[in-house]
Amino acid sequence: MAARENVSLVFKLYCLMVMTLVAAAYIVALRYTRTVTTEMYFSTTAVCSAEVIKLLASLLILAKETGSLSRLISSLKENVLGSPKEMLKLSVPSLVYALQNNMAFLALSNLDAAVYQVTYQLKIPCTALCTVLMLNRSLSKLQWFSVFILCGGVTLVQYNPGETTRVQIEQNHWLGLGAVAVAVLCSGFAGVYFEKVLKSSDTSLWVRNIQMYISGIIVTLAGVFLNDGSNVMEKGFFYGYSYMVWFVILLSSVGGLYTSVVVKYTDNIMKGFSAAAAIVISTIASVLLFGLQISLTFAVGTLLVCISIYTYGLPRKDTTKLEIKDTSNLNAKLIGV
């Protein structure tokens with residue numbers, strides 16, 4: 001908790017702003033690579049490549065944090081080789097995040113970027129429920145009402161999601177919707193689980209990331225050979241990769257690292273509220289790039305989702321300070337008498 005108090009509001013806003021831009025660009029770019037590219041790359045290898053980049057970035061940041069190579073090696077020996085229980089603990093979110101990332105590729109192969117972005121906000125009520133159950137936190141009546149409005153908005157969007165005139169590939173809307181549902185469940189559970197692990201000890205954020213990304217590489221490599229093993233052996237690990245595919249992988253890596261920072265220094269559930277701006281950006285990009293035709297129900301549903309995200313993030317009124325103030329005033333009056 002102390003770490004959160006020492007971080008300035010400017011830094012928190014900076015992290016959320018970057019998260020917003022990265023999230024919007026990632027969804028749009030990923031959709032583009034799954035609908036425009038002629039030689040389709042293997043999504044499992046892209047997920048694995050992102051884990052490798054995140055591990056390398058975390059190692060570099062930890063090296064800067066420790067200050068010397070010897071301290072870095074010592075930290076890795078203690079926290080990676082010497083902590084099998086902690087590694088096992090972090091393998092849980094690694095597995096769940098790997099499934100979530102693969103579901104994102106499947107969903108965006110079948111759903112428009114804006115439709116996906118709006119529907120994916122169901123992770124907020126899912127995260128809220130996990131927060132209540134796993135972290136013993138409570139939600140206000142306004143927050144529960146916001147969750148209800150959000151679900152209503154997503155329902156309207158799914159009722160008439162709109163058509164894309166510039167996407168010619170065959171799509172399965174229900175398959176995409178099912179993939180989003182799995183991704184939502186994974187996001188809610190893994191995010192809160194990782195927050196609980198982070199805030200249960202004083203272990204460095206980047207050490208925790210390294211523990212998780214090592215497990216993530218093992219899990220995603222297994223996914224590569226289970227799903228695309230024969231094709232990868234025949235065509236190569238990086239088959240179909242283009243500059244845009246590498247851009248998607250880079251965005252995924254940056255997004256993962258910033259998610260860890262937001263979870264560490266703010267509330268995990270709050271990182272979802274930058275999605276309001278990301279939804280707007282994704283919708284505009286979908287209209288321009290994919291020819292999305294926005295229906296009235298889509299517009300109303302999207303507006304409801306954005307409003308619910310805003311109202312959910314409104315700060316609660318802290319009555320404890322008022323009570324303490326009143327008590328101190330009463331004590332002063334009694335002493336004066």
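Throughout, read-outs are computed from the coordinates displayed, never taken from laboratory work. Bear in mind the structure is a predicted one, so any value in this text is a computation, not a measurement. Reconstructed Cβ throughout: ideal geometry from the backbone, glycine too, with neighbour counts over all protein chains shown.
Of all trypsin sites (Lys or Arg not before Pro) in the stretch 63-172, which ones are in loop regions per DSSP and have a Cβ with at most 15 other Cβ atoms within 10 Å? Of the trypsin sites (Lys or Arg not before Pro), the ones in loops of the stretch 63-172 whose Cβ has at most 15 other Cβ atoms within 10 Å are Arg137, Arg166. Rounded to the nearest 0.05, the FRET efficiency derived from the C-beta distance between Asn227 and Asn160 at R0 = 41 Å is 0.80.
Across all directions, the average projected area of the convex hull around the alpha carbons of the stretch 10-147 is 11.8 nm². Distance from a point 7 Å along Cα→Cβ of Ile284 to each backbone N in the stretch 109-124: keep the residues under 18 Å and list them by number. Once the point is set 7 Å along Cα→Cβ of Ile284, 113-115, 117-118 turn out to lie under 18 Å by backbone N, inside the stretch 109-124. Taking label positions 7 Å along the Cα-Cβ direction at both Leu135 and Tyr239, the computed distance is 4.3 nm, reported to one decimal. For Leu292, the residues whose amide H sits under 5 Å from its own are Thr165, Val287, ignoring neighbours fewer than 5 places away on the same chain, with H placed 1.01 Å from N.
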